[in-house]
Amino acid sequence: MLVMKKSFLCYLLPGCIALSINLSLCAQNRVAAPMKDVNNVIDNTLDSLNKARTVRPIAGSSRRGDNPVLFLVGNSTMRTGTLGNGNNGQWGWGYYVGEYFDVNKITVENHALGGTSSRTFYNRLWPEVLKGIRPDDWVFIELGHNDNGPYDSGRARASISGIGKDSLNVIIKETGAKETVYTYGEYMRRFVRDVKAKGAHPVLLSLTPRNAWDDKDSTIITRVNKTFGLWAKRIAKEQRIPFIDLNEITARKFERYGKEKVKYMFYLDRIHTSAFGARVNAESAIEGIRKCKGLQLADYLKPMDQDTVMGKNRRKGCPVLFTVGDSTVKNNDNDENGMWGWGSVIADEFDLNRITVENCAKAGRSARTYLDEGRWDKVYGALQPGDFVLIQFGHNDAGAVNTGKARAELPGAGNESKVFLMESTGKYQVVYTFGWYLRKFIMDVKEKGAIPIVLSHTPRNVWDNGQIQRNTDSFGKWTREAAERTGAYFIDLNKLTADKLQKKGWEQGLRAVSEYFNKDHTHTSLKGAHLNAESIAEGLKATDCPLKNYLK
């Protein structure tokens with residue numbers, strides 16, 4: 001309930017009581033109604049605050065010697081869920097941002113908690129954080145996602161809109177507790193003043209963007225630059241402290257990605273990020289640090305990791321053909337009598353005066369592990385408009401998901417996903433379908449202006465009643481579906497080569513087929529690698545893919 005302040009008129013005449021109440025009501029009505037909670041996202045983190053305290057760090061406990069600490073203050077977009085360990089498939093960017101700092105110079109502590117607003121964090125969690133802050137520490141503050149709903153009931157976490165000096169006395173209906181509510185800007189001021197009083201350095205950030213677009217057909221992400229983003233920026237200017245427009249930096253990336261790719265930046269809803277989205281926001285925060293003129297926090301960052309391998313053979317005016325896959329694409333590839341992947345011989349099919357070829361495959365990898373290990377990111381970072389990428393996975397994409405080699409995906413090409421606890425790391429991970437990973441690769445390539453071509457995986461030397469086994473009903477089918485759904489080129493390498501081997505088996509016997517393999521039924525000899533490369537060239541010629549124009 002709203003508590004009305006007594007007017008001095010009450011002490012003049014008893015008959016003035018009614019007038020006093022009316023005047024007080026007018027004073028209360030000058031405070032804007034709280035912002036509506038339009039997100040329809042239920043976050044019960046604060047309902048289990050005691051449990052959350054068992055996993056949140058003790059403020060300053062990470063400090064090494066006299067080194068500073070970067071404290072992160074925020075909500076579920078910075079640290080998701082009660083435990084913040086990804087067990088619900090959602091991750092906050094605060095989990096990853098520490099990877100960009102030199103731990104020998106500074107440590108990062110994520111004190112964010114889901115469900116908190118500027119008001120509830122300041123009242124319930126901030127005193128504990130403040131105890132650990134020392135001179136020359138740094139404090140990132142990103143709050144506002146939850147500053148909505150009722151002032152005095154339910155979650156009772158709303159702050160008054162704006163940056164003014166308005167305040168409102170309330171009694172929480174469920175508990176009877178009395179509280180004074182301030183504006184969003186006033187809570188930000190109090191955070192900043194408290195940090196400065198400790199001799200530390202506050203930095204305000206705008207909110208992370210949501211998967212929300214200006215309208216149905218829009219390519220523009222909805223910004224918060226008229227509310228919380230604007231208010232945080234104004235307080236930063238007023239208090240003469242740095243401001244990082246996290247909302248704008250990430251929103252621009254999302255607009256470049258497009259709606260389909262942005263979907264996998266989030267998990268379960270439009271606000272809370274997946275691991276992919278959390279990393280994007282973390283990178284945006286670091287980008288903001290580097291671009292903020294005179295911000296000494298940049299001195300604590302690791303040097304920028306610049307890959308000098310991918311694309312190193314690029315020649316001016318010539319595209320690069322990148323090959324991506326497993327050991328059937330890249331093997332030892334150095335002994336004429338050893339095992340070879342087609343990616344190391346496919347250059348023989350092309351005019352190398354007009355195109356260069358780089359084999360980026362890695363033995364033993366599935367589509368998922370190729371992504372998890374950061375190998376795909378390096379290819380993605382090297383791509384330029386007009387390049388081509390041949391993508392072939394499937395040999396290692398079955399088996400255990402979270403035990404043993406733990407490299408399988410969910411079967412199929414749909415949008416299904418599931419959270420698994422990984423045996424080897426003890427960490428939670430969302431695993432998607434085989435086709436989902438291929439679609440991600442395809443969208444990434446297209447985003448860079450390059451051209452993706454996906455291939456069904458090479459056939460194995462396994463026969464059943466005189467017929468060589470094919471992957472028509474499994475990985476071959478899912479690869480085709482991923483290509484069709486994204487408009488990528490598809491080459492049925494499995495069928496093209498299997499048809500050739502089938503014919504040789506009938507005409508010359510299975511011993512002749514064995515010459516195309518080495519040591520087992522999967523890995524190809526040099527002769528087999530060339531056969532697969534020839535099949536790819538044959539498949540290209542049957543398409544309208546521009547890559548065929550670079551064939552000999």
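The values are calculated or read from the model by the stated rules, or taken from the named source; none is laboratory data. Since this is a predicted model, take the numbers as computed values, not measurements. Note that each Cβ is placed from the backbone with ideal geometry, even for glycine, and that neighbours are counted across all protein chains shown.
Things to note:
- Residues (under 24 Å from the mean Cα position of the chain (by Cα) and surrounded by fewer than 18 Cβ atoms within 10 Å (Cβ to Cβ)) located in the range 218-240: Ser218, Thr219, Ile220, Thr222, Asn225
- Listed conditions (1) modelled with pLDDT under 95; (2) loosely packed, with under 15 Cβ neighbours inside 10 Å; (3) at negative phi are all met by Asn40, apart from (3).
- Residue match in the range 115-124 (condition: within 26 Å of Gly277 (Cα to Cα), modelled with pLDDT of 95 or more, in the same structural domain as Ala282 (by TED's automatic domain parsing) and assigned to a strand (DSSP E or B)): no
- Qualifying residue in the range 212-219 (condition: in the same structural domain as Arg124 (by TED's automatic domain parsing) and over 30 Å from Gly487 (Cβ atoms)): no
- Looking across the range 443-480, the residues that are more than 14 Å from Ile491 (Cα to Cα) and either under 24 Å from the mean Cα position of the chain (by Cα) or outside the structural domain of Asn494 (by TED's automatic domain parsing) (or both) come down to Met443, Asp444, Val445, Lys446, Glu447, Lys448, Gly449, Ala450.
- Residues of the range 278-301 that are farther than 18 Å from Gly381 by Cβ and of a type in the set (Gly, Ala, Ser): Ala278, Ala285, Gly288, Gly294, Ala298.
- Count of the range 198-224 residues which are in contact with a Leu (Cβ under 7 Å, 6 or more places away or on another chain) and hydroxyl-bearing (Ser, Thr, Tyr): 2
- Check on Ala367, crowded, with 19+ Cβ neighbours inside 10 Å, of a type in the set (A, V, I, L, M), touching a strand residue (DSSP E or B) at 6+ places or on another chain (Cβ under 6 Å) and closer than 22 Å to Phe490 by Cα: no
- Inter-residue pairs, beta-carbon under 6 Å, first within 30 Å of Met35 (Cα to Cα) and in the range 104-123, second buried (at least 24 other Cβ atoms within 10 Å of the Cβ) and of a type in the set (Lys, Arg), 6+ apart: Asn110/Arg79; Ala112/Arg79; Ser117/Arg157; Arg119/Arg157; Thr120/Arg157
- Of the residues examined, Asn331 is not one that is farther than 29 Å from Lys548 by Cα, assigned to a loop (DSSP other than H, G, I, E, B) and in the same structural domain as His521 (by TED's automatic domain parsing).
- Of the residues making up the range 180-205, just one is among the acidic types (Asp, Glu) and within 15 Å of Pro127 (Cβ to Cβ), namely Asp194.
- Members of the range 329-362 found to be among the β-branched types (Val, Ile, Thr) and closer than 19 Å to Phe441 by Cα, listed by number: Val329, Val357
- Test set (1) surrounded by 13 or more Cβ atoms within 10 Å (Cβ to Cβ); (2) in the same structural domain as Asp377 (by TED's automatic domain parsing) - Cys292 fails condition number: (2)
- Restricting the range 511-530 to residues that are more than 41 Å from the chain's Cα centre (by Cα) and not aliphatic (A, V, I, L, M), the residue that is surrounded by the most Cβ atoms within 10 Å (Cβ to Cβ): Tyr516
- Evaluation of Gly65 against (1) small (Gly, Ala, Ser); (2) surrounded by 20 or more Cβ atoms within 10 Å (Cβ to Cβ); (3) out of contact with any Leu (no Cβ under 8 Å at 6 or more places or on another chain) (one fails), failing number: (2)
- Of the candidates Ala406, Ala398, Ala382, Ala361, the single residue that is in the same structural domain as Glu447 (by TED's automatic domain parsing) and surrounded by fewer than 19 Cβ atoms within 10 Å (Cβ to Cβ) is Ala398.
- Residue that is surrounded by the most Cβ atoms within 10 Å (Cβ to Cβ), among those in the range 448-484 that are part of a loop (DSSP other than H, G, I, E, B) and free of Cβ contacts under 8 Å to residues at least 60 places away in the same chain: Pro459
- Any hit, the range 163-170, residues being part of a loop (DSSP other than H, G, I, E, B), touching a helix residue (DSSP H, G or I) at 6+ places or on another chain (Cβ under 6 Å) and crowded, with 21+ Cβ neighbours inside 10 Å: no
- All positions within the range 313-328 that are in contact (Cβ under 8 Å) with a residue 12 or more places away in the chain and in a loop (DSSP other than H, G, I, E, B): Asn313, Arg314, Arg315, Cys318, Pro319, Asp326, Ser327, Thr328
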